[in-house]
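Here is the structure we will look at, set down as structure tokens.
Every read-out reported here was derived from the displayed coordinates using simple, explicitly stated rules and does not represent laboratory data. Nothing here was measured: the structure is a model prediction, and the numbers come from that model. Using ideal geometry, Cβ is built from the backbone for each residue, glycine included, and neighbour counts are taken over all protein chains shown.
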Amino acid sequence: MKQNPFDHVLFFIVIALMGIGLTMVYSASSITSMAQMSDSLFYFKRQLMWVVIGLLAMFGFAQVDYRRLDMLAVPLLVIAITGLVVVLLPGVAREIGGAKRWIRFAGIGIQPSELAKLCVVIYMAHSISRKQDRIHDLVKGVLPDLAITGVVFLLILKEPNLSTAGIVGFSYGLLLFLGNGSLVHICGMLGSGLILGVSLIFQKEYRMKRLLAFIDPWENAKTSGYHIIQSLVAIGSGGVWGLGLGQSRQKFFILPERHTDFIFAIICEELGLAGGLAVVMLFLVLIWRGFYIATRAPDMFGFLLASGITGIVACQAMINLGVVLSVLPTTGVTLPFVSYGGSSLVFLAAGMGILLNISRHGASQNALIDMRRMPFSSRHLENARQMSGGRRHA
């Protein structure tokens, strides 16, 4: 198959977000690094290491034909589920903040849940693309994949990590919708998911406190509402143009998680509304490019794979920004490519590499002309299904 140049717009957006992340991680963490490690560059140097590894992963997957992942979907899912089981074994994972999410090798922590998000998307793209003839059959077409998603969901929830488990559930629902799934089945799962989510919130006291703090943070301004209030103070302090790079006041041990989950608040404080909007625009263009690449994929597997990877980034970014802006209750989701953290950055970068490879196999059409073809276009799905079926028979 003829290969095109990879999508340069997507590539440079990812590089830009990583660059912004490195800069802001240093700015937000320098005081903490000096106080805790006697080295103002401690977190910066670790993030730089993860950026280098992430770039290598992105370049590596960009060179590997994405269709090989179709054959590796089952083994990758088994590896991901094994990692989720191992991290729950007594004595294997170190408990941090009441959660067991990291497996440590030579002082480096890996989160199996981050790998699981990508592997679930690969497997579901593989499964849904191969069962188009029975995708409306609840027993044969939906329940097997729903059961696998449920197993991954419960293992991640056990860590506990409700937000990441929710992203896994969202990714399956998105791929089922884009893969010609029945709207009746999808609406049923959506309703069941909402009921499950509410019940899970009421089961844990700390989740209830976060929800109440979201409704009225000033009721408990020094406890459960503190995070949200200080985030809004940081954002409001930046004004339009910000206090200046490196001039944050909230990073002086006032705003918790300042270089991880709440780094966007520091961005707005130092770079103002202009800097915050620039980051948001980068994510919007990245999401557009991701779904645009999906619409140009030569087969159903590529279409679903590109859509699922883009959906993960979109969902994660929206949750993080919603939390920081107090539009959503506080939860532990990082801002893709920007927040401090290795596992999320590396596996999302690998996903971007897969997207870049899919873009090399797409139809050579102008993006502005081809925007009329939405990802859920029935015409595209039918053509993709025929191509995918023809390739399998061949």
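Taking the Cα centre of segment 8-393 as reference, the dipole from Cβ charges on Lys and Arg (+1) and Asp and Glu (-1) amounts to some 560 debye.
Between LYS204 and MET281, full extension at 0.36 nm per residue minus the direct alpha carbon distance yields a gain of 24.2 nm.
Straight-line cross-link reach from LYS131 at under 16 Å between alpha-carbon atoms covers these aspartates and glutamates, not counting any fewer than eight positions away in the same chain: ASP70, ASP145, ASP299, GLU382. Look at the dipole of segment 8-393 built from charges on Cβ: of LEU41, LEU138, LEU321, the Cα furthest out on the positive end belongs to LEU138. Taking each of LYS222/LYS251; LYS100/LYS251; LYS45/LYS158; LYS117/LYS158; LYS158/LYS209; LYS100/LYS204 in turn, the alpha-carbon distance tops 24 angstrom for LYS100/LYS251; LYS45/LYS158. Mean residue ellipticity at 222 nm, helices only, the chain: -23000 deg cm²/dmol; runs of at least 4 DSSP H residues each add -39,500 (n - 2.57), and the sum is divided by the number of residues. With the simple model of a label 7 Å out from the Cα in the direction of the Cβ, ARG249 to ALA274 spans 2.1 nm. The residues LEU22, LEU190, LEU348, when put in order of fewest to most other Cβ atoms within 10 Å, stand as LEU190, LEU22, LEU348.
Between VAL85 and ALA99, the contour length at 0.36 nm per residue exceeds the alpha carbon distance by 3.6 nm. Take 310-319, 233-242, 250-259 and order them by the average number of nearby Cβ atoms within 10 Å per residue, most first; the result is 310-319, 250-259, 233-242. Which residue, GLN63, GLN36, GLN247, tops the fluctuation ranking in a GNM of the chain built on C-alpha contacts under 10 Å? Fluctuation is largest for GLN36. With the charge dipole of the chain set up from +1 on Lys and Arg Cβ and -1 on Asp and Glu Cβ about the Cα centre, the Cα lying farthest toward the positive end among the listed residues CYS187, ALA294, TRP241 is that of ALA294. Tell me the angle of helix 143-157 to the major Cα principal axis of the chain, expressed in degrees between 0 and 90 and rounded to the nearest ten. Tilt of helix 143-157: around 20 degrees. Panel order for GLU270, GLU95, by other beta carbons found within 10 Å of each beta carbon, from fewest to most: GLU95, GLU270.
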